[in-house]
Amino acid sequence: MNEAELIQHFWSSIENGLSALTIYISVFTGYLIMAFFAGVRLTTLQSLIATGAFLVFNGFCIWGNVVFWNATYVVGKELENSRPELLPIDLNPALVAFVLLIIGVFGALKFMWDVRHPKS
């Protein structure tokens with residue numbers, strides 16, 4: 001690939017990573033709203049189904065973020081000599097995103113647990 005194609009790939013990967021992040025936020029928010037308003041009234045099976053769907057969908061969103069932002073980092077490193085502004089911080093955003101998004105998943109699961117098991 002030439003430099004122009006690599007730059008196109010760089011920006012395309014960022015856009016796709018942000019799209020995956022947007023979907024993650026939508027699923028995350030929907031799960032929290034559902035937990036807040038209906039969590040107490042859900043049966044165990046309904047709660048397991050909702051939580052399972054949440055884990056599967058957000059798992060794919062996390063995977064997408066890691067794949068796209070890792071591709072961004074790899075291309076940025078390849079272009080580092082000619083375009084140093086593409087990576088102002090030499091840190092793979094895929095690693096940061098993975099950690100933060102996994103923390104978000106555990107936070108949402110804790111939220112659902114607290115709603116379904118209130119302290120008396």
(message) With just the Cα atoms defining each centre, how far is the stretch 18-40 from the stretch 1-17? Give it in Å.
(response) 30
(request) Per DSSP H run of n ≥ 4, the term is -39500 (n - 2.57); total these for the chain, divide by its residue number, and report the mean residue ellipticity at 222 nm rounded to 500 deg cm²/dmol. (result) -28500 deg cm²/dmol
(message) Mean Kyte-Doolittle hydropathy of 1.6 or higher plus an axial Cα length of 27 Å or more: which whole DSSP H helices in the chain meet both?
(response) 93-116
(message) At R0 = 25 Å, how high is the FRET efficiency between Ile103 and Ala53 if r is their beta carbon distance? Nearest 0.05 is fine.
(response) 0.80
(request) Might you report the magnitude of the Cβ-based charge dipole of the chain about its Cα centre, with Lys and Arg at +1 and Asp and Glu at -1, to the nearest 20 debye? (result) 880
(message) Can you find, among Asn65, Ala20, Ile33, the residue sitting farthest towards the positive end of the charge dipole of the chain, where Lys and Arg contribute +1 and Asp and Glu -1 at Cβ?
(response) Ile33
(request) Quick one: plug the Kirkwood hydrodynamic radius of the stretch 3-116 (C-alpha pairs) into Stokes-Einstein at 4 °C, 1.567 mPa s, and report D in µm²/s. (result) 84
(request) Determine, from the Cβ-Cβ distance of Leu95 and Ile33 and an R0 of 35 Å, the FRET efficiency 1/(1 + (r/R0)^6), rounded to the nearest 0.05. (result) 0.75
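Only the coordinates and a few stated rules stand behind these numbers; no lab work does. Values in this document were obtained by computation on a predicted structure and should not be read as measured data. When we count neighbours, we look across all protein chains shown, and the Cβ atoms used for this are built from the backbone with ideal geometry, even at glycine.
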